[in-house]
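**Student:** Structure below; questions to follow.
The values are calculated or read from the model by the stated rules, or taken from the named source; none is laboratory data. Just so we're clear, the structure is a prediction, and the values are computed from it rather than from any experiment. Glycine also receives a Cβ, built like all others from the backbone with ideal geometry; neighbour counts cover every protein chain displayed. Just so you know, the surface numbers come from the protein's heavy atoms only, side chains and all, with ligands and any DNA or RNA stripped out. Shrake-Rupley method; radii C 1.70, N 1.55, O 1.52, S 1.80 Å.
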Amino acid sequence: MFYYVLLVIFASNIINDRIVMGLKNRLFWIAAVIAFALDQLTKLSVVQSFDLHQTLPLIPGVFHLTYITNTGAAFSLFSGKVEWLRWLSLVVSLVLVAIALWGPLLSIWEQVGYGLILGGAIGNGIDRFILGYVVDFLDFRLINFPVFNLADSFISIGIVCLLVGSQKKA
């Protein structure tokens, strides 16, 4: 619990601090911090409120909150491959930080897209390093979709932003 409180305090200080205002690719950093904080706060809420495998139907048969653990990648792909996925999360995060710090000024779509991907990668990466698994809880049953979390969603939305941005350039 203390760990999560520190993360939220750190994230809010970065957004409000002048450090972000002076950084190149400012929207990248803001998107990353918001995505990371929302991911970790929702996971904390689920872990504290649910027993493992407990489900709460919000729209019965359509959308439930279901607490499960996942040793795979987004949407339960590559289940049981936590060892290499934790290192992949770290490498992706470091590459994205390097691009934002030392690369060119990114378009708005690129800043938001890469920022959301970074926030999601760090959110799931920290879970993998600390817990050995990722907490998933968003359960769309109508389409029989794998249970996922906000970090997975942010990564997917980030990819869509990059695709939209690449179409704007073309």
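**Student:** I need a count of the residues in the stretch 114-129 that are open to solvent by less than 70 Å² (accessible area, probe 1.4 Å) and farther than 15 Å from F28 by Cα.
**Tutor:** The total comes to 6.
**Student:** So which of G132, G158, G165 ends up being open to solvent by less than 50 Å² (accessible area, probe 1.4 Å), over 26 Å from R86 (Cα atoms) and not β-branched (V, I, T)?
**Tutor:** G165
**Student:** Does the stretch 140-148 include one or more residues that are surrounded by 13 or more Cβ atoms within 10 Å (Cβ to Cβ) and closer than 22 Å to L96 by Cβ?
**Tutor:** Yes, the stretch 140-148 has at least one match.
Listed here are the residues, each with its yes/no results for (1) at pLDDT below 95; (2) open to solvent by 80 Å² or more (accessible area, probe 1.4 Å); (3) not aliphatic (A, V, I, L, M).
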{"site": "L6", "(1), (2), (3)": "yes, yes, no"}
{"site": "S12", "(1), (2), (3)": "yes, no, yes"}
{"site": "W29", "(1), (2), (3)": "no, no, yes"}
{"site": "A35", "(1), (2), (3)": "no, no, no"}
{"site": "L58", "(1), (2), (3)": "no, yes, no"}
{"site": "G61", "(1), (2), (3)": "yes, no, yes"}
{"site": "T71", "(1), (2), (3)": "yes, no, yes"}
{"site": "S76", "(1), (2), (3)": "yes, no, yes"}
